[in-house]
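Shown next, in structure tokens, is the structure this report addresses.
The values are calculated or read from the model by the stated rules, or taken from the named source; none is laboratory data. All figures in this text were calculated on a predicted structure; none of them were measured in a lab. Note that each Cβ is placed from the backbone with ideal geometry, even for glycine, and that neighbours are counted across all protein chains shown. We work out accessible area using only protein heavy atoms, side chains counted, and drop any ligands, DNA or RNA first. Shrake-Rupley method; radii C 1.70, N 1.55, O 1.52, S 1.80 Å.
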Amino acid sequence: CLFLVKGAEYSVKSISKIARALHISEFLISFVILGIVSSFPEAFVGIASAVTGDSRLGIGTLLGSNLADLSIILGLTVLVGGTIKVSQRVIKYDFFFITLSVFPILLSLDGTLSRLDGFILMVSGVLFLIHLLKNKIHIPKINSASRKEFMINSAIFALSIAILIVSANFVVKYA
């Protein structure tokens with residue numbers, strides 16, 4: 001579990017530095033890149049548990065982490081940071097995100113999530129990411145100083161993803 005946590009930590013740190021080197025907006029970093037990267041531990045545990053034929057651990061991990069993110073983490077953020085102002089633009093994106101987050105529940109009402117359901121979920125997520133990227137990203141040319149940092153952090157990111165994959169397999173195997 002320690003390697004899973006550390007792998008996630010280093011993947012988040014390195015992707016943040018990569019995004020800064022590429023001059024990507026904070027919204028895009030936090031909402032898309034860090035959101036996806038920080039879900040890697042759950043994703044790898046879910047995939048590993050599905051491959052072993054027992055998806056209960058993966059589904060439990062996924063639901064638990066999302067519940068914690070949406071309630072406990074957001075609640076603590078507001079308690080510590082005070083009032084958070086939310087712009088109408090963010091609400092528009094969050095409404096679409098919330099709508100997407102209900103898809104797995106709707107698709108599993110029949111008691112299963114099929115490969116078709118998985119495909120629908122993936123396409124919905126990718127379309128949402130494409131929409132965000134079209135509206136939020138501008139990547140300038142990387143200068144030579146940033147290039148070195150970019151390459152180092154890309155290597156750290158790749159290594160941390162490898163650690164996540166291996167440690168997720170161990171978590172599932174010995175759970």
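At a glance:
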item: Positive minus negative residues near N153 (Lys, Arg vs Asp, Glu; Cβ under 13 Å); result: +4
item: Longest to shortest principal axis, alpha-carbon extents of the stretch 45-126, angstrom; result: 44, 24, 21
item: Extension gain (nm, one decimal) between Y174 and A155, 0.36 nm per residue minus Cα-Cα; result: 4.0 nm
item: Solvent exposure, largest accessible area first (probe 1.4 Å, DNA, RNA and ligands not counted), of F44, F170; result: F170, F44
item: Residues of the stretch 161-175 with amide N under 18 Å of the 7 Å Cα→Cβ point at L2; result: 163-172, 174-175
item: Efficiency of FRET between V80 and R56 - r from beta-carbon atoms, R0 41 angstrom, step 0.05; result: 0.75
item: Gain in span if fully extended, L70 to S101, counting 0.36 nm per residue against the direct Cα distance; result: 10.1 nm
